[in-house]
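Peer 1: I have a structure I would like to understand better, so I am pasting it below and will then ask my questions one at a time.
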Amino acid sequence: MFTIATADDMDRFGRTVAGHLRAGDVVCLTGELGAGKTTLTRGLGAELAVRGTVTSPTFVLARTHPREGGVPLVHVDAYRLTNAVELEDLDLDWENSITVVEWGAVMLDTIIDEWLEIVIDRSHSAEDETRTVTLHAHGPRGNELADEIGRSWE
């Protein structure tokens, strides 16, 4: 469990996560509206040097961000999806991209075997930006990622 004090720190945490990702990795972000899921993904995208601005793909469901000389980052917002079939119907290239799925925790286990879930809990005080981040590993690669990120985050 990690404490993230500010939005800048959440961005930095996303950059840290990105340093451990490779083709085929899936990161699932779980948290309330305003928890910092997209901020984390922006940091991740910045570290991966993706083209285009990373924004919440709420209305397009999935946005692919190409990378010069690297696998693309696919950013999915599963908030409006009702089941795993709808997520699978997006026809994502799970194996040849780095995929970040917001709101997809209950859908992923029927589609893929390995992923890292990052749960973000935020304070409910308007003056307090503090977030608590917990990593939940699914499968061997999820465990590997959780261990690597845990060792590299301050």
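Peer 1: When only C-alpha pairs under 8 Å and at least 6 residues apart count, what is the relative contact order of region 18-152, in percent?
Peer 2: 29
Peer 1: Arrange the following residues from fewest to most other Cβ atoms within 10 Å of their Cβ: MET1, MET10.
Peer 2: With the fewest neighbours first, MET1, MET10 line up as MET1, MET10.
Peer 1: Let me ask something additional. Could you list the trypsin sites (Lys or Arg not before Pro) in region 39-95 that lie in coil according to DSSP, counting only those with at most 10 other Cβ atoms within 10 Å of their Cβ?
Peer 2: Qualifying residues, ordered by number: ARG80.
Peer 1: Per DSSP H run of at least 4 residues, take -39500 (n - 2.57); add these up for the chain, divide by its residues and hand me the 222 nm value, nearest 500 deg cm²/dmol.
Peer 2: -9000 deg cm²/dmol
Peer 1: Another question about this same structure. Rounded, prolate or oblate: which fits region 99-143, taking a ≥ b ≥ c as square roots of the Cα gyration tensor eigenvalues, rounded meaning a/c under 1.5, else prolate when a/b beats b/c?
Peer 2: prolate
Peer 1: Moving on to the next point. Can you pull out the GluC sites (Glu not before Pro) in region 27-104 whose DSSP state is coil and whose Cβ has at most 15 other Cβ atoms within 10 Å?
Peer 2: Of the GluC sites (Glu not before Pro), the ones in loops of region 27-104 whose Cβ has at most 15 other Cβ atoms within 10 Å are GLU32, GLU68.
Peer 1: Please figure out what share of the DSSP beta bridges in the chain is antiparallel and state it in percent, rounded to the nearest 5.
Peer 2: 55
We did not get these values from a lab; they are worked out from the coordinates using the rules stated. Everything numeric in this text was worked out from a predicted model, so none of it was measured. All Cβ positions, even for glycine, are placed from backbone atoms using ideal geometry, and neighbour counts span all protein chains on display.
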